[in-house]
Amino acid sequence: MVEEGGDGGIERLVGRAREISRYAAWAAGYAVLACAVLIGIEIVLRKLFSFSLQGTDEISGYVLVVTFAWTAAWALFRDAHIRIDVVSSRLPAGPRRIFDLLALASLVGVAILLAWQAVGVLGESLRLGSVSNTPLRVPLWLPQGLWLIGLIGFALAATILLIARLVRPVPAPVHDVMDER
C-alpha cells in the first residue's frame, strides 16, 4: 500500500492505465475471435459453394496490426514482452533495477517513435484520401487510426510505468491473469 503523502497519484495513474489496457486487450481479443469466425465462414463457403467473401485476408491483416498495438500496453503491464535477462537476472538488486530502468526507457523511446511514425502515415493517408488497392477499397485512415490509437496508448502506458518505477524502488508485482477478471 501507498503511504500518506507518498506516490498515491502515480499509483492511481498506473492502475487506471493498466485497467484501460486490459479493456483494450479484451477488445482486441474479441476482434481476433471475430476474424477467426470470418475466416471459418470463408473456408466453408469456398469448399461447399465455391464462393468467396472477398477481403477476408485484408480484414485479417488489419485486425492483426491493430490488435498488436492495442495489446502491447497490456503485455507491458504483465511483463510479457520478450526480454533477455541472462545478465540482469544474475545482478544484485541495485544494478538490476538500473538495468530494468534502462530497458524500460528504451522501450518508451521505441513506443514513442512508433507512434510518431504512425502519425505521419495516417496524416499522409488523410491528405491523399488513400484507399486500399483491393476490391474492398478500405479508406486507409480507418485501420491506421485504430493502429495509432493503440500505439499512443502503448507509448503513454510505457511512459507512465517508467515514471512509476523511477518513483518507487520496487516494480509492481505481476498478478496472475485470473486475478484480473
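Each reported figure results from applying straightforward, stated rules to the coordinates on display, with no laboratory input. These numbers come from a predicted model, not from an experiment. Cβ placement follows ideal geometry from the backbone for every residue including glycine, while neighbour counts extend to all protein chains displayed.
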Exercise. Given the residues S88, S50, which is the only one that is touching a helix residue (DSSP H, G or I) at 6+ places or on another chain (Cβ under 9 Å) and more than 17 Å from L166 (Cα to Cα)?
Worked result: S88
Problem set entry | the range 44-68 residues that are in contact (Cβ under 8 Å) with a residue 40 or more places away in the chain and at positive phi, paired with ones that are of a type in the set (S, T, N, Q) and in a helix (DSSP H, G or I) (beta carbon under 9 Å, 6 or more apart) | none
Exercise. For the range 66-77, does any single residue satisfy the condition of being among the small types (G, A, S), surrounded by 15 or more Cβ atoms within 10 Å (Cβ to Cβ) and in a loop (DSSP other than H, G, I, E, B)?
Worked result: no
Problem set entry | Residues (polar (S, T, N, Q) and closer than 16 Å to A27 by Cβ) located in the range 43-78 | T67, T71
Exercise. Quick one: how many residues across the range 105-144 are within 15 Å of the chain's Cα centre (by Cα) and buried (at least 16 other Cβ atoms within 10 Å of the Cβ)?
Worked result: 9
For this session: Considering only residues that are of a type in the set (S, T, Y) and farther than 19 Å from V32 by Cβ, look in the range 47-65 and name the one that is surrounded by the most Cβ atoms within 10 Å (Cβ to Cβ).
Result: S52
Exercise. Hey, does the range 10-18 have a residue that's touching a helix residue (DSSP H, G or I) at 6+ places or on another chain (Cβ under 9 Å), crowded, with 17+ Cβ neighbours inside 10 Å and without any contact (Cβ under 8 Å) to a residue 40 or more places away in the chain?
Worked result: no
Problem set entry | Only one of A93, A73, A80, A36 that is touching a residue at least 12 places away in the same chain (Cβ under 8 Å) and of a type outside the set (S, T, N, Q) | A73
Exercise. So which residues in the range 81-121 are farther than 25 Å from T71 by Cα, in a loop (DSSP other than H, G, I, E, B) and of a type in the set (V, I, T)?
Worked result: V86, V87
